[in-house]
Amino acid sequence: MPRRSAEESRENLVDAAIRVMVRDGVAAASTRAIVAEAGLPLGAFHYCFRSKAELLHSVIETIMAKTLPPTVTDGAAPAGDGRRDPAAVIGGSIDAYWRRIQAEPDEQMVTYELTQYALRHPELADVARAQYRQYRDVFREYLETIATVADVRWKVDVAVLARYGFGVMDGLTLNWLIDRDDAQARAALDEFAGYLIAAAEPRGD
């Protein structure tokens, strides 16, 4: 099978897995259900993935790519010296992230279901650990990019701030998926943006 075909088959299987999970739940996403959804033979799965855990990692990465990291330059015009206003960078990037969450709520629900499913199956527990480790790593990269773009430094250790910040965003996302209260979600996001703005200071000070 040519390399291009293998990559396309992997993408088709991941997309099919997401569709099955959104429609029927993670527990229903058996290998047979996924290949049937993709219109591929069963052998294609074993050619493209060494295990179901590897597929689940790819599913998580695909969904994450649509939402994280936030685009730190959204809505923040550069100042004359090329730097960007920290408040605009932080507010604009959080807003961009939230628009992506609202655009694909069903896929976000799958990520939470995947976590619980993996934790309940010892052979898949590493999927959940890797999932949240990657989330925190991406959020840390987001904070480091803000510091570079806006020429600020964080008053809090960046590893601690990344864990705290992702925990806040993860909790707000889950709350919104449950109650779909846009106004309360927006108010909470504004509070968190205010916290990040206060946690940043000019690099030269």
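Here are a few things to note about the model shown:
- The C-beta contact set for region 38-67 (first residue closer than 30 Å to Asp137 by Cβ, second residue open to solvent by less than 10 Å² (accessible area, probe 1.4 Å) and not in a helix (DSSP H, G or I), distance under 7 angstrom, 6+ apart or interchain) comprises Leu55/Phe49.
- Restricting attention to region 178-196, the residues being outside any helix (DSSP H, G or I) and among the small types (Gly, Ala, Ser) number 0.
- Applying the condition of being touching a strand residue (DSSP E or B) at 6+ places or on another chain (Cβ under 9 Å) and part of a helix (DSSP H, G or I) to region 145-177 and asking which residue is farthest from Tyr195 (Cα to Cα) yields Val149.
- Count of residues meeting criterion [of a type in the set (Gly, Ala, Ser) and either open to solvent by less than 10 Å² (accessible area, probe 1.4 Å) or over 14 Å from His57 (Cα atoms) (or both)] in region 106-127: 1
- Unmet criterion (only one of (1) among the aliphatic types (A, V, I, L, M); (2) open to solvent by 40 Å² or more (accessible area, probe 1.4 Å); (3) more than 30 Å from Val110 (Cβ to Cβ)) for Val149: (2)
- Boolean, Val138 is of a type in the set (A, V, I, L, M), part of a helix (DSSP H, G or I) and surrounded by fewer than 16 Cβ atoms within 10 Å (Cβ to Cβ): no
- Residue within region 114-136 that is under 17 Å from the mean Cα position of the chain (by Cα) and within 30 Å of Gly204 (Cβ to Cβ) present: yes
- The number of residues in region 94-105 being open to solvent by less than 60 Å² (accessible area, probe 1.4 Å) and modelled with pLDDT of 90 or more comes to 5.
- Given (1) at pLDDT below 90; (2) over 17 Å from Met169 (Cα atoms); (3) crowded, with 19+ Cβ neighbours inside 10 Å, number of the condition Gln131 does not satisfy: (2)
- Flag if Val156 is open to solvent by less than 60 Å² (accessible area, probe 1.4 Å), within 17 Å of the chain's Cα centre (by Cα), of a type in the set (A, V, I, L, M) and closer than 23 Å to Tyr97 by Cα: no
The values are calculated or read from the model by the stated rules, or taken from the named source; none is laboratory data. Because the structure is predicted, anything quoted here is derived from the model rather than measured. Here Cβ is always computed from backbone atoms with ideal geometry, including for glycine, and neighbour counts include all displayed protein chains. The area values use the complete protein model at the heavy-atom level, side chains included, leaving out ligands, DNA and RNA. Shrake-Rupley method; radii C 1.70, N 1.55, O 1.52, S 1.80 Å.
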